[in-house]
Amino acid sequence: MPNPFTPSFGAVPMYPAGRSNIIYEMNRAFDSWQSDPGISSLFIGPRGSGKTALLAMIADEARMRGWLVIHCAAGPGMNENIYQKMILESSELPGTESKIHINSLTLGKTVGLTLSKDSELDYSWENRMDQLIGRINEEGAGVLIALDEVSISVDELPELVSAYQVFRRNRRKISLIMAGLPGNVYNLLNTSNVAFLRRANQYILGRIDDADIRQTFRKTVECEGKTISDSALNKAVSAIGGYPYMMQLIGFYVWEESRNDTREITASQTDKGIEIAREKFKTGVLESTYRNLSDGDIAFLFAMLEDPESSLQKNIAARLKKPVPMSAHTRKDSFRKALLKRAQAEGSQLSFRFSGNIFRNKKISVNNHDFS
């Protein structure tokens, strides 16, 4: 039986968990693209929160609604890459063959296109894009640009955002959705040359409820003819901690542990799969997150571990032996890395919690720091 779990990078899960509301809102935006604010959206979350997979799911939904999808990662040369991909994708649309001419195509480390003289090559990138989008729109298709790993360090991003404003102003049927780590996205939004992005819908991808994880995990197991005991499922849900990637990772290794033994996944097989998945998660997600933490962030998070659930800001400040305003600055940094849930008011005090249980797990340590 094939393994139904998909922890590989960017793979779309067979049964996604906890993102149905976002998918519904994006479908509504594609159907009401002229007025729905969701047509321009940002997806913000830490590593393991399922950003890339969510972009892929949204792209699939857009295609089913007749949109041409350009899905790429932010980086050097991305704007020209978007344009060239649009030409190639639009050549599949009926009626565009006579309007967009490609004389030659070279493949290698980069993709090179030579366009005919009557093409839009003589114009600026923004004008070429606008004309091409217009032609695609004439054939009844919209254009979705899905951009992953956005960051302030990508020099071409302001040009794309500025041009996107022009395209929308010209009533082009176009959508821009982007995903990135919290620190990268918030730093980007704080720059003046992409101020337009502040009006985009922002989706914070936090942990998924255990009930959704439980239902989806069981459904994924059963789709390939296996079952899972209640005790095994309880262990898996607890270890997953609400993280989409962790669900796929644990599911994958639990399935592999049970592949040749039984049709029902047992608690002992689940324990073995969890152990392997935790090690993979530590090296692939936690260590990367940890490297982005400042000394102040680390001290702040360790001070929180003294509380079983939520932590009062005044107590954290006392443990750090710092005044509340200084601890608040560190809290803000940690929020931007999506390690903490948004603060809630408890009377005149502020209270906040970890966004998931990965930093509370007694069996996970990073760089000799035991998060327990």
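The values are calculated or read from the model by the stated rules, or taken from the named source; none is laboratory data. As the structure is a prediction and not an experimental result, all values here were calculated from the model. When we count neighbours, we look across all protein chains shown, and the Cβ atoms used for this are built from the backbone with ideal geometry, even at glycine. The accessibility values were calculated without ligands, DNA or RNA, using every heavy atom of the protein model including side chains. Shrake-Rupley method; radii C 1.70, N 1.55, O 1.52, S 1.80 Å.
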Subject >> Nearby aspartates and glutamates by direct alpha-carbon distance to residue 51 (threshold 14 angstrom, same-chain neighbours under 8 apart not counted) >> reply: 148, 149
Original post:
Roughly speaking, what % of Cα-Cα pairs in segment 133-279 are separated by over 24 Å, rounded to a whole number?
Top reply: 53 percent
Subject >> Long-range tail of P(r) for segment 192-331 (Cα pairs > 22 Å, %) >> reply: 56 percent
Original post:
Per residue, what accessible area does segment 130-246 have, given a 1.4 Å probe and all protein chains present, in Å²?
Top reply: 40 Å²
Subject >> FRET E, pair residue 279, residue 224, Förster distance 22 Å, beta-carbon r, rounded to 0.05 >> reply: 0.35
Original post:
Each residue of segment 39-51 in order: what ³J(HN,Hα) in whole Hz does its phi give by Karplus 6.51 cos²θ - 1.76 cosθ + 1.60, θ = phi - 60°, with x for Gly and Pro?
Top reply: 5, 10, 9, 10, 10, 10, x, x, 4, x, 8, x, 4
**OP:** On a C-alpha basis, how far is the centre of segment 2-26 from the centre of segment 130-193 in Å? Whole number, if you could?
**Re:** 24 Å
